[in-house]
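Down below is the structure, laid out as structure tokens.
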Amino acid sequence: MERPLTKNIRPDGKPVFIKEYESLGGYQSVKKALKMQPKEVTELVKKSNLKGRGGAGFNTGLKWSFVPMEGEFEHKYLVANGDEMEPGTFKDRLLIEGDPHQLIEGMIVTAFAIQADEGYIFIRGEYAYAADVVAKALAEAYEAGYLGSNIMKTGYKFNLHLHTSVGRYICGEETALLNSLEGKRANPRAKPPFPQVSGLFGQPTIVNNIETLCNIPHIINNGVEWYNGLSLTPGDGGTKLFGASGKVKKPGLWELPFGVTLRELLEDYAGGMQDGLKFKGCLPGGASTDFLVAEHLDIKMDYASVAAAGSRLGTGTMIVLDDKTCPVGMVLNLEHFFAQESCGFCTPCREGLPWTEKILRKIEEGKGEMKDLDILQFHTKFMGPGNTFCALAPGAMAPLQSALKYFREDFELHIKEHKCSWK
């Protein structure tokens, strides 16, 4: 099984810096891409079926194609989103701490494809060690001539900067991230215009997830047919970093092909549930996805299959719920997080999330009433897709609405008997 994204990651976690990276074939895709036309690079990535690994799952090359290639612009920007504040998600950290030049190489090729001359690596503030690693790798890339005003003496210019975030979940939304980069409050922007046309400082901008960008060198080096062949399902190119946290025997992160089943991920890689515990459900792609339960264990972990089961693949890093952990308490914990992280820009999110948290806390403390379940159900619609300014509140409602569907008896028991089902 080929694992292009993590093949350089050391067991001891120490980063691979430039001399070793070059000895392993690093920066060959830059040399190859700079001999191509920018549109050729974009078309190659489009045909590769690489989809955004930040959670949205949009075709990456198609996103690039929306950047205007004609006309005069002061700058074009490329931004790597390494905010990674989705609870349960820790995949981008592995890549930037272990193989930072893979990201830089991917960004150089991407920047050439859209003809960007300035770029930013946006990393959450808590990733202090990751920022140090990236800073050293950037300095090495400049010294080696892979970044700057005359990359590899081709005349192509691309400057890349490191930016550490002040740390807000809302920065996972790309326009909120751009506002933060500009030194403004991290509120999402109205769209259109989309960032590809008017993004950072009003200039054409592409924002891609770290894992997404790390795929680019391998597509350029090995081709579309090879890349699509890595996946077990049609329509999803490449491999994916899948993770598992919760009370499993071996929580962790693994690079696997699309199409591996949820059961294989849970049992073969995460080692199954800890002794004395049973699988009750999981959030398959981070905290803002809907629960899947035992009946879904044999679904394929790809975008279409998980969507058909009523959830989202999201970041591919599942949070596992066991039969001795209260789903009411778990959802309360998540809604508390989302309520804190709301930017407060729109009323449904600003007012609805704290209210949802308050009702859940009331139920968890044994003071709930049956009518509270109807109020919670209303909130899942009131803050659903299309009713808020961005996707934060709809994402926050995903675990709640699915918990009400699959674990309703736990909620009712809290109300009727003032306790968890397993106590």
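The values are calculated or read from the model by the stated rules, or taken from the named source; none is laboratory data. Everything numeric here is computed off the predicted structure, so don't read it as measured data. Here the Cβ is made from the backbone with ideal geometry for all residues, glycine too, and neighbour counts use every protein chain on show.
Scanning the stretch 91-116 for residues that are acidic (D, E), part of a helix (DSSP H, G or I) and under 28 Å from K157 (Cβ atoms) returns D92, E105. Contact map, the stretch 399-412: residues that are in the same structural domain as A294 (by TED's automatic domain parsing) paired with residues that are part of a helix (DSSP H, G or I), Cβ distance under 6 Å, separation 6+ or inter-chain. No pairs are found.
Checked against (1) surrounded by fewer than 24 Cβ atoms within 10 Å (Cβ to Cβ); (2) in the same structural domain as G395 (by TED's automatic domain parsing), L353 meets all criteria but (1).
Check whether at least one residue in the stretch 264-273 is farther than 21 Å from T60 by Cβ, surrounded by fewer than 23 Cβ atoms within 10 Å (Cβ to Cβ), in contact with a helix residue (DSSP H, G or I) (Cβ under 7 Å, 6 or more places away or on another chain) and not assigned by TED's automatic domain parsing to the domain that holds D92, and report yes or no. Checking the stretch 264-273: at least one residue is farther than 21 Å from T60 by Cβ, surrounded by fewer than 23 Cβ atoms within 10 Å (Cβ to Cβ), in contact with a helix residue (DSSP H, G or I) (Cβ under 7 Å, 6 or more places away or on another chain) and not assigned by TED's automatic domain parsing to the domain that holds D92. Contact map, the stretch 382-393: first residue polar (S, T, N, Q), second residue at pLDDT 90 or above, Cβ cut-off under 6 Å, separation 6 or more or different chains; pairs are N387/P348; T388/C346; T388/P348; T388/C349.
Scanning the stretch 190-220 for residues that are out of contact with any Pro (no Cβ under 8 Å at 6 or more places or on another chain) and either among the hydrophobic types (A, V, I, L, M, F, W, C) or surrounded by fewer than 16 Cβ atoms within 10 Å (Cβ to Cβ) (or both) yields a count of 14. When each of L334, L404, L373 is tested for being modelled with pLDDT of 95 or more and surrounded by 22 or more Cβ atoms within 10 Å (Cβ to Cβ), the lone residue that passes is L334. The set of residues in the stretch 35-55 that are surrounded by fewer than 17 Cβ atoms within 10 Å (Cβ to Cβ) and outside any helix (DSSP H, G or I) comprises K35, M36, Q37.
Would you say G281 is among the small types (G, A, S) and closer than 18 Å to N333 by Cβ? The answer is yes for G281. Tell me yes or no: at least one residue of the stretch 209-218 is in contact (Cβ under 8 Å) with a residue 40 or more places away in the chain, touching a Ser or Thr at 6+ places or on another chain (Cβ under 7 Å) and either over 30 Å from A270 (Cα atoms) or assigned to a loop (DSSP other than H, G, I, E, B) (or both). No, there is no match, as no residue in the stretch 209-218 is in contact (Cβ under 8 Å) with a residue 40 or more places away in the chain, touching a Ser or Thr at 6+ places or on another chain (Cβ under 7 Å) and either over 30 Å from A270 (Cα atoms) or assigned to a loop (DSSP other than H, G, I, E, B) (or both).
For N8, the stated conditions do not hold, so it cannot be described as among the polar types (S, T, N, Q) and either closer than 19 Å to Y156 by Cα or in contact with a Ser or Thr (Cβ under 9 Å, 6 or more places away or on another chain) (or both).
Would you be able to say whether some residue in the stretch 108-121 is within 24 Å of S231 (Cα to Cα) and either under 19 Å from the mean Cα position of the chain (by Cα) or at pLDDT 95 or above (or both)? Looking for residues that are within 24 Å of S231 (Cα to Cα) and either under 19 Å from the mean Cα position of the chain (by Cα) or at pLDDT 95 or above (or both), one finds at least one in the stretch 108-121, hence yes. Please indicate, with yes or no, whether at least one residue in the stretch 49-66 is more than 20 Å from the chain's Cα centre (by Cα) and either modelled with pLDDT of 95 or more or within 17 Å of Q115 (Cβ to Cβ) (or both). Yes; the residues of the stretch 49-66 include at least one that is more than 20 Å from the chain's Cα centre (by Cα) and either modelled with pLDDT of 95 or more or within 17 Å of Q115 (Cβ to Cβ) (or both).
Per-residue answers, yes or no, for (1) within 25 Å of K324 (Cα to Cα); (2) buried (at least 22 other Cβ atoms within 10 Å of the Cβ); (3) hydroxyl-bearing (S, T, Y):
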| site | (1), (2), (3) |
| --- | --- |
| Q340 | no, no, no |
| C349 | no, yes, no |
| I363 | yes, yes, no |
| Q377 | yes, no, no |
| K381 | no, no, no |
| A391 | no, no, no |
| I415 | yes, no, no |
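Pairs are defined by a Cβ separation below 8 Å, a sequence spacing of at least 6 or placement on different chains, a first member in the stretch 158-177 that is among the β-branched types (V, I, T), and a second member that is surrounded by fewer than 17 Cβ atoms within 10 Å (Cβ to Cβ) and not in a helix (DSSP H, G or I); the pairs so defined are T164/G125; V166/G125; T175/K191.
Report yes if I104 is surrounded by fewer than 24 Cβ atoms within 10 Å (Cβ to Cβ) and of a type in the set (V, I, T), otherwise no. No: the conditions fail for I104. Restricting the stretch 17-34 to residues that are crowded, with 20+ Cβ neighbours inside 10 Å and either within 23 Å of the chain's Cα centre (by Cα) or of a type in the set (F, W, Y) (or both), the residue that is nearest to G148 (Cα to Cα) is Y27.
Looking across the stretch 347-366, just one residue is assigned to a loop (DSSP other than H, G, I, E, B) and touching a residue at least 12 places away in the same chain (Cβ under 8 Å), and that is G366. No other residue among G61, G119, G88 is in a loop (DSSP other than H, G, I, E, B) and not assigned by TED's automatic domain parsing to the domain that holds A304 apart from G88.
Output the residues belonging to the stretch 150-164 that are within 31 Å of the chain's Cα centre (by Cα) and in a loop (DSSP other than H, G, I, E, B). First the steps, then the outcome.
Pass one, the stretch 150-164, residues within 31 Å of the chain's Cα centre (by Cα): 151, 156-164.
Passing the criteria: Y156, K157.
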